[in-house]
């Protein structure tokens, strides 16, 4: 019986060999077999390369120095944040400068002539040092036990002193309420304290010269005499 020829569309299609088969035949010996096996596995859908023979990918090594990171971080800062930071720094500098200027302006200035002052004990047993509070002439009672210089309230009113704060002091008569003021004090012998912080008390009999002034001087006491000199 004559064999019927099937149409070309009905014939079973043979799987075409990959292009590798062209150069497999040129390899000698074991290399040809390995290449053919690899080609067959690839054609059948298997793994083309053994996992053991796959090349290992090395992780990239990144070397980054601190200045480079700092430069990148600075460039990434928002422009508004930079402006705010600059204005804050400028404002802080101005505030500190104003505070330092006010402190220098309000701080007391002490002047002392380079001469020796000798005070004689009075009949009441105390040493009195003549001087002035502003333009008013007074006699200060030298009190080495007083921390600060104190003035009677009547004297402060005559000198036109302005209160800058309240204070509660302990006197021989008990606790009393007063205020704090600044006064320009000049003492005989060339001692001067400008804008000195003084305590003003209502029941004080006489102005007291405390250690805030005496502590800047060197004084020595002899029987009936108080010798005052500049600090060595």
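Residues that are loosely packed, with under 10 Cβ neighbours inside 10 Å and assigned to a loop (DSSP other than H, G, I, E, B) were ranked within segment 82-140; the one that is modelled with the lowest pLDDT is 114. When you go through 156, 148, 175 one by one, which is the residue that is touching a residue at least 24 places away in the same chain (Cβ under 8 Å) and more than 25 Å from residue 116 (Cα to Cα)? Just one listed residue meets the conditions, 156.
Just one residue in the set 175, 169 is touching a strand residue (DSSP E or B) at 6+ places or on another chain (Cβ under 8 Å), more than 27 Å from residue 222 (Cα to Cα), modelled with pLDDT under 90 and exposed (fewer than 10 other Cβ atoms within 10 Å of the Cβ); that residue is 175.
Being in contact with a helix residue (DSSP H, G or I) (Cβ under 7 Å, 6 or more places away or on another chain) and exposed (fewer than 13 other Cβ atoms within 10 Å of the Cβ) is the filter here, so list the residues in segment 198-232 that pass it. Let's see the steps before the verdict.
Looking only at segment 198-232, we keep the residues that are in contact with a helix residue (DSSP H, G or I) (Cβ under 7 Å, 6 or more places away or on another chain), and these are 200-202, 207.
Answer for segment 198-232, where residues must be in contact with a helix residue (DSSP H, G or I) (Cβ under 7 Å, 6 or more places away or on another chain) and exposed (fewer than 13 other Cβ atoms within 10 Å of the Cβ): just 202.
The values are calculated or read from the model by the stated rules, or taken from the named source; none is laboratory data. These figures come from a predicted structure and were not determined experimentally. FYI the Cβ positions are ideal-geometry reconstructions off the backbone, even for glycines, and counts take in every protein chain you see.
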